[in-house]
Amino acid sequence: MSTTNKHDSGAPAARVVPVDLGDRSYEVCIGPGVFAFAPGIARKKLGDKCRSAFVVVDSGLPEAASQRAVAALRASGLNATSIALIPTEHDKSLQSLGHIVTEMTRRKLERSDVVIALGGGIVGDLAGFAASVYRRGIAVIQCPTTLLSMVDASVGGKTGVNIDLAGDGADLKKNMVGAFHQPIGVLADLDTLATLDDRQFAAGLAECIKHAMISADFGDPDLLAWTEAHFSRLSKTNAPLLAELVQRNVAVKARVVAGDEREEKDGGRALLNLGHTFAHAIEALPGARGVLRSGTELPGDIHHGEAVALGLRAAAHTSVKLGLIDASYANRIGALIDAAGLPAKVRGLPSADNLIERMSHDKKHIGGKIRLVLPCGIGQSRIAENPEPSTVCAAIETIRAQ
Ligand code: GLY
């Protein structure tokens, strides 16, 4: 897979990563101002029959950003309208899906029109799912505005909503209902990252560290070393470095997805769940709080990326105990997580047995057995079926804050 530094539609200059999926292939364009490509992609992929663009906007984005997006689409001749969505896991629901598709019906979107998902991963998943079911499927362009959604959620076509079993958020089953629905393009506009708060930015770095831990099998064996070497200069406003970070991470994700689009192969897309079995159980705990290496407790709910960072630590510790990696590699991963300002520990964990029980209910697990993705070498990870519970318990204790 090759990456180039120019998009065929001209300015603004962008880095382009292809996602090779046969007749569903598309490009991820990365750079400042690349939202400007949206009308061109719609025209190229959908033709003149595409008359309307329905923009689903993250309510956390500055009003001016969504107004600019709608204005750019209108200037190209598209009939563009928008709705705002609140980006919480609680709002990633069947009710919100109903609201979006009702608005699409009210605004008379046709099969040949396009949905534009402008926001973080929650908005991308919801808008993508709405696009997959409205009139049995219309096109979507993913326009991620967070680092996490740029490097992970917007690429690969996973869409969906959560199911709130208890009705009060206490038993939220994540992504239980959804569809694979590949976008016709992804526009990672780096200008949007400047508006992120520091915790959101750090949360995206957790997924970058995850990619570095699998990258050797997906065409970029140097990604971990490159990430370590450049970490101290990474910031929301260092556009050249961000462009390189996003491009290399998207390229890893694109190779994973191209090889196993529907997560059917061992050693394929399932490896992207590294750290996530721990993370899903932790982020579902009401009252769990991340604690930095310095001892500072992070206020409010744990972000997904923060839970992933804790999961990466626990996975690395499990691998050390199983003899899959040595402690020095686990320490390198821990040092990157610390440097990103991500948590070292979590306050509010139940007993390790209880957490393992919750992990075994993760929807990826068959028959209540635990399947963990574990690091097994530098830049390499693999699936472990039913690792010894006492080893996993010991790993959980290493991330427990008293
Ligand atoms: N975020 C994991 C995946 O796309 O498979």
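Given labels modelled 7 Å from the Cα in the Cβ direction, how far is it in nm from Glu244 to Asp48?
4.6 nm
Quick one: Val291, Val151, fewest Cβ neighbours within 10 Å first, how do they rank? Don't skip to the answer; put the middle values down first.
Details: Val291 20, Val151 28.
Exposure proxy ranking, most exposed first: Val291, Val151.
Quick check on the exposure proxy: order Thr227, Thr146, Thr192 from fewest to most C-beta atoms within 10 angstrom. List each step's numbers first, then the result.
On the way: Thr227 22, Thr146 30, Thr192 26.
Lowest count first: Thr227, Thr192, Thr146.
Place a point 7 Å from Cα of Ala335 in the direction of its Cβ. Which residues in the range 202-240 have their backbone N less than 13 Å from it?
225-232
Given only helices, namely DSSP H runs of n ≥ 4 each adding -39500 (n - 2.57), what is the per-residue ellipticity at 222 nm of the chain, to the nearest 500 deg cm²/dmol?
On the way: 12 runs with 149 residues, N = 402.
Result for the chain: -11500 deg cm²/dmol, rounded to the nearest 500.
Between Met150, Met176, Met359, which gets the highest mean-square fluctuation from a Gaussian network model of the chain, Cα cutoff 10 Å?
Looking only at Met150, Met176, Met359, the biggest GNM fluctuation is shown by Met176.
With a cut-off of at most 12 other beta carbons within 10 Å, and DSSP calling the residue loop, which GluC sites (Glu not before Pro) in the range 219-280 qualify? Please list them. Kindly include the intermediate steps, with their values, before the conclusion.
On the way: sites: Glu228, Glu244, Glu261, Glu263, Glu264; in loops: Glu261, Glu263, Glu264.
Hits after loop and neighbour filter: Glu264.
Say we join alpha carbon atoms closer than 10 Å with springs in a Gaussian network model of the chain; which of Arg382, Arg358, Arg135 then has the biggest fluctuation?
Maximum among the listed residues: Arg135.
If you average the sequence gap of Cα pairs under 8 Å that are 6 or more apart and divide by the length of the chain, what percent do you get for the contact order? Working shown, then result.
Details: 819 pairs, mean separation 56.6, N = 402.
Result for the chain is 14 percent.
Give, rounded to the nearest 20 debye, the magnitude of the charge dipole that the range 85-170 has about its Cα centre when Lys and Arg contribute +1 at Cβ and Asp and Glu contribute -1 at Cβ.
Numbers: 8 positive and 9 negative charges, 97 e Å.
Roughly 460 debye for the range 85-170.
Determine how many Å³ per residue the convex hull of the Cα atoms of the range 1-144 encloses.
On the way: hull volume 16.2 nm³, N = 144.
For the range 1-144, the hull spanned by Cα atoms encloses 112 Å³ per residue.
Name the residue, out of Leu190, Leu118, Leu242, whose mean-square fluctuation peaks in a Gaussian network model built on the chain with Cα pairs under 10 Å.
Sorting by GNM fluctuation, first place goes to Leu242.
Alpha carbons only, please: Rg and Dmax for the chain, in angstrom.
Taking only Cα atoms of the chain, I get Rg and Dmax of 20.3, 62 Å.
So how far, in whole Å, is the C-alpha centre of the range 20-87 from the one of the range 186-205?
Distance between centres, Cα-based: 18 Å.
Return the distance in nm (one decimal) between the two label points of a simple spin-label model at Asp198 and Lys108, each offset 7 Å from Cα along Cα→Cβ.
Those two pseudo-labels are separated by 5.1 nm.
Where the convex hull is taken over the Cα atoms of the range 157-295, what is its projected area averaged over directions, in nm²? Could the numbers behind the result be given before it?
Working: hull surface 41.3 nm².
About 10.3 nm², averaged over all directions.
Report, for the chain, the % of DSSP beta bridges that are antiparallel, rounded to 5.
Values: 22 of 47 bridges.
Given both bridge residues lie in the chain, the antiparallel proportion sits at roughly 45 percent.
Given +1 on the Cβ of Lys and Arg, -1 on the Cβ of Asp and Glu, and no further charges, what dipole in debye does the chain carry about its Cα centre, rounded to the nearest 20? Walk me through the intermediate numbers first.
Values: 44 positive and 44 negative charges, 166 e Å.
Result for the chain is approximately 800 debye, rounded to the nearest 20.
Leu292 to Glu228: extension gain in nm, 0.36 nm per residue of separation minus the Cα-Cα distance? Please list the in-between numbers first.
On the way: separation 64, 0.36 × 64 = 23.04 nm, distance 1.92 nm.
Difference between extended and current length: 21.1 nm.
Within 10 Å of each residue's Cβ, count the other Cβ atoms and sort Lys49, Lys174 from fewest upward. Could you put the intermediate results ahead of the total?
Numbers: Lys49 9, Lys174 20.
With the fewest neighbours first, Lys49, Lys174 line up as Lys49, Lys174.
Each value in this text was obtained by applying a stated rule to the coordinates, not by laboratory testing. None of these values were measured; they are calculated from a predicted model. Backbone-built Cβ (ideal geometry, glycine too); neighbour counts: all protein chains shown.
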